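Engineer: The following block contains the structure, expressed as structure tokens.
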Amino acid sequence: MASASTAYTSAAVNRHSYAASICSSQVAFGSSTYVALWDVEDPTDRGVYQTLPGHEGLITAIRFLQDGSFISADDEGFLSHWTKSDDKWTRLNTISAHKNAISSLAVHQSCIVSGASDSQVKVWNLTEDAVFLTPTRFISIADEKVARVFEAPKEFVTSIATLHVADLAQDQSERPRAATVPPLGLSNKATVETAQEELPKSERSDRRPFEGELAVATLWPEIEKVFGHGYESIALAASNNKQLVATACKATSADHAVVRVYDTTKWQIVGEPLTGHTLTITKIAFSPDDKYILSVSRDRTWRLFKRAAAEGGYHPIVADKSHARIIWDCDWAHEGDIFATASRDKSIKIWSLENLGSQKWTAAATIKLQEAATAVAFSAEDSDARRRMAVGLENGEILVFSGSRTNLAEWTEDLRLDARYVQISP
């Protein structure tokens, strides 16, 4: 029988410790409603070097991910995702995962499995992204090299119509009845006919499906795989007319840091891959008129591409490296005259298409923040001729700014939502 001995000991800041996880020399453990961090190989022997508030309930489980970040769970059913930057841990987001206490967590690559006392086990994918192309068709990416296209089955469309949830008014003649997952299969396969016992028709039309029927009623068959990238997908966007999609993958070199554009009819690549970045592209955004594609990257640059013709590909027209750190997000204003970039350098920059024709662009506005910016999104102009811009921060806060089209340099903070009141629900 193998033997074990105590190598390190730390006091859990005078609180009960119910959960712990280790990654390299980093130990994260629950300390009542706090997560405590400890580097067991720290030469200064400082012990617990940071405690993370944020949970309302007792910490019940902690697991590190492959990228060094970790997930914590509490007895009120919440999951929080934490990441480290410049020797400081911050919370990326929190979700209300279960109705009751979470009792266990398991991690596999980018997937998280949570089990709780509400008798449910749920699987979460941290990297998944999806875009609807029609009310009954969407494309999604995950931690794999392909993008997958799914189509709603007849059983799903019929159910939501008869329950008066939505009438999609789609042609049902060519739609598959349902979908199944074959043994050892990785794709949802369409089924034309389904056994009577699997799809009882007598009461299905006037009631909600029972839990046992949901797998049949809501499983969408996969109709297409989109190949092209050499590494796991990381970014996905669709044109506003839904005729094009753009994808990017994880990259550590310029060869793979490209945007590939596909048509949504035959799923053929449109034009040449959009090159220029040297590291992973974090976000892709089409302009409102689909004339331009904007991409931002871990290489601290944003790049703008213009479509050559109505049926042709895109070509580069300008690039900028004004941000000092990773650019996490970007978005176009609904009017199409400006776009914004959000960076870890604690700033939002506003860029105007009035710079077109110039090789060196100047930001119309730079908004300084107290924390790193991880997300940005615009709303359309309202009745007072002002448009709103929401900014997500690394500490979980959301800020809302407003500005006018006549003065792009002036943005006013209208609202600040504290991280304690901001939750992301599945």
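Engineer: Rounded, prolate or oblate: which one fits segment 283-426, using the alpha carbon gyration tensor with axes a ≥ b ≥ c (rounded when a/c is under 1.5, else prolate when a/b beats b/c, else oblate)?
Structural biologist: Prolate, because a/c is 1.5 or more and a/b exceeds b/c.
Engineer: Hey, another quick one. Distance check, please: which entries in K242/K283; K122/K242; K225/K291; K122/K189 exceed 29 angstrom between their Cα atoms? Don't skip to the end; give the middle numbers.
Structural biologist: On the way: K242/K283 18 Å; K122/K242 31 Å; K225/K291 26 Å; K122/K189 22 Å.
Pairs exceeding 29 Å: K122/K242.
Engineer: Assuming 0.36 nm per residue, please report the length gained on full extension of the stretch A308 to L92 beyond their Cα-Cα distance.
Structural biologist: Extending this stretch completely gives an extra 73.9 nm.
Engineer: Here is a follow-up. Taking a label point 7 Å from the Cα of E41 along the Cα→Cβ vector, which residues of segment 56-79 have an amide N closer than 19 Å to it?
Structural biologist: Under 19 Å, as judged by backbone N against the label point of E41, lie 64-70 of segment 56-79.
Engineer: How far apart, in nanometres, would the label points at Q359 and V146 be if each is projected 7 angstrom from Cα along the Cα-to-Cβ direction?
Structural biologist: So the two model labels end up 4.4 nm from each other.
Engineer: Work out how much length S25 to Q268 would gain on full extension: take 0.36 nm times their residue separation and subtract the Cα-Cα distance, in nm to one decimal. Intermediate results must be reported in sequence, preceding the final value.
Structural biologist: Details: separation 243, 0.36 × 243 = 87.48 nm, distance 4.68 nm.
So the chain would gain 82.8 nm between S25 and Q268.
Engineer: Rounded, prolate or oblate: which fits segment 20-125, taking a ≥ b ≥ c as square roots of the Cα gyration tensor eigenvalues, rounded meaning a/c under 1.5, else prolate when a/b beats b/c? Let's see the in-between values first.
Structural biologist: Details: a/c = 2.11, a/b = 1.65, b/c = 1.28.
Judged from the Cα gyration tensor, segment 20-125 comes out prolate (a/c at least 1.5, a/b above b/c).
Engineer: Could I ask something else about it? What FRET efficiency would be calculated for the residue pair F210, V123, taking the C-beta separation as r and a Förster radius of 22 Å, to the nearest 0.05?
Structural biologist: About 0.55, to the nearest 0.05.
Engineer: For V113 and A380, compute 0.36 nm times the residue count separating them, minus their Cα-Cα distance, and round to one decimal in nm.
Structural biologist: Fully extending the segment from V113 to A380 adds 92.3 nm.
Engineer: Efficiency by 1/(1 + (r/R0)^6): what FRET value for T134 and N395, r their Cβ-Cβ distance, R0 = 60 Å, to the nearest 0.05? Don't skip to the answer; put the middle values down first.
Structural biologist: Numbers: r = 38 Å, r/R0 = 0.63.
Approximately 0.95, to the nearest 0.05.
Engineer: Ranked highest first by average number of other Cβ atoms within 10 Å, how do 26-38, 361-373, 151-163 line up?
Structural biologist: With the highest mean Cβ count within 10 Å placed first, the list reads 26-38, 151-163, 361-373.
Taken together, the values in this text are just the output of simple stated rules run on the coordinates, not laboratory data. Everything numeric in this text was worked out from a predicted model, so none of it was measured. Every residue, glycine among them, receives a Cβ derived from its backbone with ideal geometry; neighbour counts consider all protein chains shown.
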